[in-house]
Every structure is written in structure tokens, then in C-alpha cells.
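Reading through the C-alpha cells given below for one structure.
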Amino acid sequence: MILVQIDNQISPEQKQFISEKISRMHCRYTEVLVKQKVIWVVEHKDTIDIRAIGSLEGVSDVHFVPDPYPLVSNKWRVENTIIRLGDGVEIGGEKGEKIIAGPCSVESEEQVENVCRFLKSRQIRLMRGGIFKPRSSPYSFRGLGIEGLKMFHKTASSYGIKIVTEVMERKQIDEMLPYVDVFQVGARNSQNFNLLDALGKAGKPVLLKRGISGSIDELLYSAEYIYSAGNPDIILCERGIRSFENAYRNCFDVNAIAILKDKSHLPVFGDPSHGIGIRKLVPQIGMAALAAGADGIIVEIHPQPEKAMSDGQQTLNFGEFDILLNGIKQLFAC
Ligand code: PEP
Ligand code: MN
């Protein structure tokens, strides 16, 4: 693939000229607008000399990218993406937040308040919590919905904490938008291309989970959907894949973290809670994710996991979470 960065000052005639030149090379291109920058993603079958495009007037830069998901590849964008959420909260890079924590599901104001108070005391700036829950059984708790999100947002904001919450379908985006800092796309929606496209246009960062049986390539293609629709603020998240093994909930793929960091400039997170699904083993898997190069981890915590309305079996209480935090401190100190 070839990425052609178009000059902001380009004239219509220059644009037409470049377009014809690319067509004469038997290539197809897609125009992408990312943060006011126009990029043409050019697909080509034969090898072509990119200098022939790079020298044209109106082209500010051109890159050959040997990956089928060029925009999320680090073969053209060498510096890592840093996502700025406001109030000094960043994801990715040296100063990026390493922890997102919170309950699987938002359950009550008291619960949210309790978790916020705890996170604040540990200087954690990002809280997770589902209000639309994808559940295997239709009889399980499916979340408090938009009213729960409004309460979550109000409470978290009063603690200076940013919110990560799952969106399950396109029509939820608009009503959620004012209350969300990072949209989570769950494993079950990892290849819901219409949702990804819509999130590309929504203008808020996205934490994109790997599909239950999704390959690393498929995750990167899904990220490319969001990016090519105009949104470069994407966090890739390894959360375990389905395998023949049933000693744990999912097969947490530490390799994927190293591979994703090697292939992409996007921040990579690990989700040890869904990754192993067993409370007492979550801390070491969280540390394994960080040791493998993850920019951060997303962890399920609850004041009383045994009373949680979803995923209690893999949720840490505050004391257990503190053990993980201490482990992380030691990991980065040595
Ligand atoms: C969750 O984060 O609670 C969740 C449902 O995750 P996943 O989509 O990875 O199963
Ligand atoms: Mn969960």
C-alpha cells in the first residue's frame, strides 16, 4: 500500500492531476481525512516507483507501507501515538496512564462513588464500567443503560476521573457521546464494521478489543476501519482468545502484545481479567502484559466482587488490586 499525504493548500487542478496519474498506474485510492490532514490510501498490484508520486505538486509526503492496514502500521508513522484525553490524562507514550480499573458493570451510585474514591486515592485517572453489557445469556444483567452512564459520568467527573465504557451498537453512539471519554468496542463487536466506521466519525478515542476468535491481523484491520473513517485515537486491547484449553476462561495471548507493539504505532493494552478469568491469577497476568510491552492494562475491580452483577469471579477487591499495583511498581523499579 502507498500513503500519499496531500498538501492542505492543494488546488483542484493539482488534485485532478495526481488522481489521473494514479489511475494511469492502474491503482485505486481512497481519500481519508484524519485530523484535518488528507491522506490517499493507494492500493497497487504492481511495484511502482513512489518517487513518481512524491515529486508531484500538491503531494507533501509519500510512503510505501508493506502492510495491508497501512494507517495503523508503524512503517510510515515511526513515533508512537499518544492519545490526549484532557486534564493531563494521556494514553500511550512515556507519560501515558498504565491502569484503567473499575467494575465489569456499573451497578449503583454508591458502587461508582466507592470505586472513584479508591481510584483517586491511588492516583488512577481512568475508570471502566459497562452500562450496556453484552451477555452470553439474555437472562443475565444487561446493564443500567444511558441513565446509568449519566450517573457514572457525573460521579467520575467530580473525582477528575475519565470514563471507558462499551458501546454495542451504532444507534447508541450519539446519546452516549457527551458522557464518554473512551468508547470500548467489546470482543463480540470487534468486527462489527458498521460500528467501527461510525466510531471513526464520532471523534472520541476507542479502546478496541480483539475478537473472541480474532487473529492479530483482523484486529489491525478493524483498527484500520476506525482510522480510515477519520479517528486516529485507538487503543488496541488483547483480552484473550478462545482455545481448546478450559482450565481458564480465555487464552491470554502475551505474544500478541509484543507483535502488536512491533507492528503498530497505536497504544496496546492488556485485559488480564477477561484474559484469564480467575480472580487470584489476574495480578500476575496483568504484570505479564506490562512485561511484554503493553502500554497499560484494563482491570476489573469492585468493592465486593462476590456481590458483583457480572464477572465477579475475575474481579479483584481493593486489597487484591493493591497487590497488583505493588507488583507493577516493583516490575518497573528493577
Ligand atoms: C468487558 O470488558 O466487560 C467485556 C465484556 O469484555 P470483552 O468484550 O473483552 O468480553
Ligand atoms: Mn467483564
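From (1) open to solvent by 10 Å² or more (accessible area, probe 1.4 Å); (2) touching a Pro at 6+ places or on another chain (Cβ under 9 Å), pick out the condition that doesn't hold for S136.
Just one mismatch for S136, condition (2).
Would you confirm whether any residue within region 170-193 is touching a residue at least 40 places away in the same chain (Cβ under 8 Å), within 15 Å of ligand 1 (Cβ to nearest atom) and over 28 Å from V112 (Cα atoms)?
So far as region 170-193 goes, no, none of its residues is touching a residue at least 40 places away in the same chain (Cβ under 8 Å), within 15 Å of ligand 1 (Cβ to nearest atom) and over 28 Å from V112 (Cα atoms).
Can G88 be described as surrounded by 21 or more Cβ atoms within 10 Å (Cβ to Cβ), on the phi > 0 side of the Ramachandran plot and in the same structural domain as D217 (by TED's automatic domain parsing)? It would help to see each step written out before you state the result.
Working: surrounded by 21 or more Cβ atoms within 10 Å (Cβ to Cβ): no; on the phi > 0 side of the Ramachandran plot: yes; in the same structural domain as D217 (by TED's automatic domain parsing): yes.
No: the conditions fail for G88.
Just the residues that are over 19 Å from the mean Cα position of the chain (by Cα) and among the β-branched types (V, I, T), please, taken from region 79-114.
V106, V112
So that you can scan it fast, the table gives a plain yes or no per residue for (1) open to solvent by less than 40 Å² (accessible area, probe 1.4 Å); (2) within 14 Å of ligand 1 (Cβ to nearest atom); (3) closer than 24 Å to I163 by Cβ; (4) among the acidic types (D, E):
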{"residue": "P232", "(1), (2), (3), (4)": "yes, no, yes, no"}
{"residue": "C237", "(1), (2), (3), (4)": "yes, yes, yes, no"}
{"residue": "E245", "(1), (2), (3), (4)": "no, no, no, yes"}
{"residue": "A256", "(1), (2), (3), (4)": "yes, yes, no, no"}
{"residue": "A292", "(1), (2), (3), (4)": "yes, no, no, no"}
{"residue": "I298", "(1), (2), (3), (4)": "yes, yes, yes, no"}
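Cβ-Cβ distance below 6 Å, separation of 6 or more or different chains: which pairs start in region 125-143 with a residue that is farther than 18 Å from S273 by Cα and in a loop (DSSP other than H, G, I, E, B) and end on one that is open to solvent by 40 Å² or more (accessible area, probe 1.4 Å) and near ligand 2 (Cβ under 10 Å from one of its atoms)?
Partner pairs satisfying both residue conditions: R142/R135.
Please go through region 147-165 and give me each residue that is in contact with an Asp or Glu (Cβ under 7 Å, 6 or more places away or on another chain), in a helix (DSSP H, G or I) and without any contact (Cβ under 8 Å) to a residue 40 or more places away in the chain, ordered by number.
none
Going by the conditions given, is R117 of a type outside the set (G, A, S), outside any helix (DSSP H, G or I), over 21 Å from the mean Cα position of the chain (by Cα) and outside the structural domain of D46 (by TED's automatic domain parsing)?
Criteria not met by R117.
With respect to V78, determine if the residue is of a type in the set (A, V, I, L, M, F, W, C) and at pLDDT 95 or above. Don't jump to the end; show me each part of the working.
On the way: of a type in the set (A, V, I, L, M, F, W, C): yes; at pLDDT 95 or above: no.
So V78 fails the test.
Can you go through S273, S228, S310 and tell me which one is touching a strand residue (DSSP E or B) at 6+ places or on another chain (Cβ under 8 Å), open to solvent by less than 10 Å² (accessible area, probe 1.4 Å) and farther than 18 Å from G211 by Cβ?
Working: S273 fails: farther than 18 Å from G211 by Cβ; S228 fails: open to solvent by less than 10 Å² (accessible area, probe 1.4 Å).
Matching residue, one of S273, S228, S310: S310.
Residues that are within 16 Å of ligand 2 (Cβ to nearest atom), of a type outside the set (A, V, I, L, M, F, W, C) and over 30 Å from D67 (Cβ atoms): does region 280-299 have at least one?
No, region 280-299 contains no residue that is within 16 Å of ligand 2 (Cβ to nearest atom), of a type outside the set (A, V, I, L, M, F, W, C) and over 30 Å from D67 (Cβ atoms).
Got a number for residues in region 182-213 being open to solvent by 30 Å² or more (accessible area, probe 1.4 Å) and more than 16 Å from ligand 2 (Cβ to nearest atom)? Give the derivation first.
At the first step, the residues of region 182-213 found to be open to solvent by 30 Å² or more (accessible area, probe 1.4 Å) are 188, 191-194, 197, 201, 203-204, 212-213.
So of that shortlist, the ones also more than 16 Å from ligand 2 (Cβ to nearest atom) come out as 191-194, 197, 201, 203-204, 213.
The number of residues fulfilling the criteria is 9.
In region 284-311, what count of residues is obtained for those that are without any contact (Cβ under 8 Å) to a residue 40 or more places away in the chain and either in a loop (DSSP other than H, G, I, E, B) or not charged (D, E, K, R) (or both)? Please lay out each step first, then the result.
As a first pass, look at region 284-311 and keep what is without any contact (Cβ under 8 Å) to a residue 40 or more places away in the chain: 285, 288, 292-293, 304-307.
Remaining after also requiring either in a loop (DSSP other than H, G, I, E, B) or not charged (D, E, K, R) (or both): 285, 288, 292-293, 304-305.
Of the residues in region 284-311, 6 are without any contact (Cβ under 8 Å) to a residue 40 or more places away in the chain and either in a loop (DSSP other than H, G, I, E, B) or not charged (D, E, K, R) (or both).
Residues in region 65-77: is at least one open to solvent by 40 Å² or more (accessible area, probe 1.4 Å) and more than 18 Å from P267 (Cβ to Cβ)?
yes
Could you give every pair whose Cβ atoms fall below 7 Å, whose first residue belongs to region 1-13 and is buried (at least 16 other Cβ atoms within 10 Å of the Cβ), and whose second residue is assigned to a strand (DSSP E or B) and of a type in the set (D, E), counting only separations of at least 6 or pairs across chains?
From region 1-13, the pairs are M1/E43; Q5/D61.
Let's see how each residue does on (1) touching a Lys or Arg at 6+ places or on another chain (Cβ under 6 Å); (2) within 16 Å of ligand 2 (Cβ to nearest atom):
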position: C104; (1), (2): no, yes
position: E110; (1), (2): no, no
position: C116; (1), (2): no, no
position: I124; (1), (2): no, no
position: K133; (1), (2): yes, yes
position: F141; (1), (2): no, yes
position: L144; (1), (2): no, yes
position: L149; (1), (2): no, no
position: V167; (1), (2): no, yes
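The values are calculated or read from the model by the stated rules, or taken from the named source; none is laboratory data. For clarity, every value in this text was computed on a predicted model and none was experimentally measured. Cβ atoms come from the backbone with ideal geometry, glycine included; neighbour counts cover every protein chain shown. The area values use the complete protein model at the heavy-atom level, side chains included, leaving out ligands, DNA and RNA. Shrake-Rupley method; radii C 1.70, N 1.55, O 1.52, S 1.80 Å.
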